[in-house]
Amino acid sequence: MNFTPYTLIQAGFVVLTIAFFGLLLKEFKIALTKTPFDPQQKKKIFNRLLLGLIIWAAFVSVWSLSGRMADFSLFPFNVLPILVIPLITILVIIYSKTFRE
């Protein structure tokens with residue numbers, strides 16, 4: 001097996017992404033323990049966050065592998081979905097009834 005620097009960079013990016021998502025989920029779980037929600041609701045909120053992150057990561061992967069991210073003649077429209085989806089999600093969460101509690 002012949003590893004090129006490019007392969008090592010790709011592997012490093014995957015490891016870094018997994019580490020980031022792991023730390024994010026850990027901190028979110030710690031924050032949930034400090035809320036007055038019942039355990040069932042905490043589990044529901046955490047599972048929704050996990051599902052959302054998985055869907056967003058899958059979308060980013062498919063979008064990147066399709067080649068649209070590499071087409072800089074479309075800029076900023078090639079990057080826009082990557083940024084708009086989390087922005088809309090954050091706004092929905094902030095203005096939700098659960099977050100206000």
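The values are calculated or read from the model by the stated rules, or taken from the named source; none is laboratory data. This structure is a prediction, so every number in the text was calculated from the model and none was measured. Quick reminder, even Gly has a Cβ in these numbers, built from the backbone with ideal geometry, and neighbours come from all protein chains shown. Surface areas here come from the heavy atoms of the whole protein model, side chains and all, with no ligands, DNA or RNA. Shrake-Rupley method; radii C 1.70, N 1.55, O 1.52, S 1.80 Å.
Listed values, structure above:
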{"read-out": "All-pairs alpha carbon distance profile, the chain, 10 Å steps from 0, percent", "value": "12, 34, 31, 17, 6, 1"}
{"read-out": "Cα-based Lys pair tally, the chain, threshold under 13 Å, eight or more apart or on separate chains", "value": "4"}
{"read-out": "About the Cα centre, charge dipole magnitude for the chain (Lys/Arg +1, Asp/Glu -1 at Cβ), debye", "value": "460"}
{"read-out": "Separation between Cα centres of region 1-64 and region 87-101, rounded to whole Å", "value": "19"}
{"read-out": "Within region 62-101, chymotrypsin sites (Phe, Trp or Tyr not before Pro) in DSSP loop having at most 13 other beta-carbon neighbours inside 10 Å", "value": "PHE77, TYR95"}
{"read-out": "Accessible area (Å², per residue) of the chain, counting only protein heavy atoms and a probe of 1.4 Å", "value": "83"}
{"read-out": "Nearest 10 degrees, 0 to 90: helix 80-94 Cα axis against the chain principal axis", "value": "10"}
{"read-out": "The chain - percent of accessible surface contributed by carbon and sulfur, probe 1.4 Å", "value": "75"}
{"read-out": "Region 30-101: trypsin sites (Lys or Arg not before Pro) in DSSP loop, at most 10 other beta carbons within 10 Å", "value": "LYS34"}
